[in-house]
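**Student:** I'd like to ask some things about the structure below.
Rule-based calculations on the coordinates, nothing more; no lab input. The structure displayed is predicted, hence computed values, not measured ones. Positions of Cβ are generated from backbone atoms using ideal geometry, with glycine treated the same way; all protein chains shown enter the neighbour counts.
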Amino acid sequence: MRLRLIRNPIIIKIAFLVFFCVMPMLASDGSLAVLQYPVSIRSAGMGQYFEPTSTPTAIYHLPDRRAEVSFWQWIGGVNGLALTVNRLPIAVTVNYLSINDIEYRTEVPSELSQFNFGYSNAAIGLTSGRTLGKFHTAMTVQYLWEKTLDYSARGIDISLSGDFDLTNSLYVTAGFRHAGFISALDQQSSHLPFAVFGQAAFHRNNFGVTGELTTGDFPVKLSGEYTFMSMIHLYGGIQVSQNVNGTGTQFYPSTGFEIDWQTFTLGYAMYQLNHPVNSHQYASIAWRF
């Protein structure tokens with residue numbers, strides 16, 4: 001009985017209508033930095049800061065059993081480390097962000113010679129999915145931790161999405177990301193970057209393309225991937241930003257690649273190539289099992 005209900009096209013249309021018309025009213029901007037950076041070469045190269053392997057489309061249509069370690073660096077003192085382990089239908093992610101800055105003061109000898117700023121972020125997540133015919137679901141739960149020099153905060157982050165197979169190659173997904181709570185940090189309320197999204201993905205043979213609409217910081221995302229010689233994977237994507245402070249529409253392209261070598265994969269990606277400050281450089285090594 002449950003299976004027939006989920007397969008009913010009327011029920012599916014109503015569910016998508018709720019996601020796109022009702023849930024966006026709950027969306028808000030976020031300040032938790034660790035949730036706004038990619039955690040793998042694939043996600044960085046495709047311009048998606050939420051791990052693509054956590055969506056039902058990736059779990060059930062793009063199976064990839066692997067353990068990956070990614071290192072990334074932005075500007076001096078801003079670094080990150082990410083670990084993802086995918087063994088379908090379960091994925092585990094660990095993401096760590098560290099910001100350390102030193103401001104030297106030499107103009108006023110009576111003041112301190114330098115000012116230190118330290119900020120750390122970590123997220124440990126577990127993703128699990130289920131399938132009912134052509135309908136698939138995936139849920140991610142993350143434990144969050146952030147710390148400055150004097151204060152710390154903890155929280156829980158939940159993301160949920162559903163995927164429906166329109167054809168053997170075309171899939172649509174809808175859901176929400178980053179619902180939950182986090183305690184106060186430095187007597188200020190930190191909040192999660194809650195967003196509702198809709199996604200369409202097409203995958204056939206060695207080629208794939210994904211489009212996404214979201215209520216988050218980048219309302220439109222387009223990305224693609226291509227594999228040739230059965231060992232070289234190319235990724236590319238572009239993010240469209242909101243009109244912030246009258247700056248108009250901004251486009252942020254990303255690119256990356258991976259090369260398979262026996263049971264290992266080496267990767268490199270540049271996230272947001274034209275970022276006003278600098279692009280994010282990613283390097284990774286993955287073990288396929």
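**Student:** Return the residue satisfying two criteria in turn: it lies in region 119-167 and is outside any strand (DSSP E or B) and touching a helix residue (DSSP H, G or I) at 6+ places or on another chain (Cβ under 9 Å), and of such residues it is nearest to Ile99 (Cα to Cα).
**Tutor:** For region 119-167, the residue satisfying everything is Lys134.
**Student:** I'm checking my understanding of the structure. Among residues of region 201-259 that are among the small types (Gly, Ala, Ser) and free of Cβ contacts under 8 Å to residues at least 24 places away in the same chain, which one is nearest to Gly45 (Cα to Cα)?
**Tutor:** My answer is Gly211.
**Student:** Any residue at all in region 209-230 that is of a type in the set (Val, Ile, Thr) and farther than 24 Å from Thr137 by Cα?
**Tutor:** yes
**Student:** If you don't mind, another one. Check off (1) more than 27 Å from Ile99 (Cα to Cα); (2) among the β-branched types (Val, Ile, Thr); (3) in contact (Cβ under 8 Å) with a residue 40 or more places away in the chain for Thr263 and give me the number that stays unchecked.
**Tutor:** If we test Thr263 against (1) more than 27 Å from Ile99 (Cα to Cα); (2) among the β-branched types (Val, Ile, Thr); (3) in contact (Cβ under 8 Å) with a residue 40 or more places away in the chain, just (3) comes out false.
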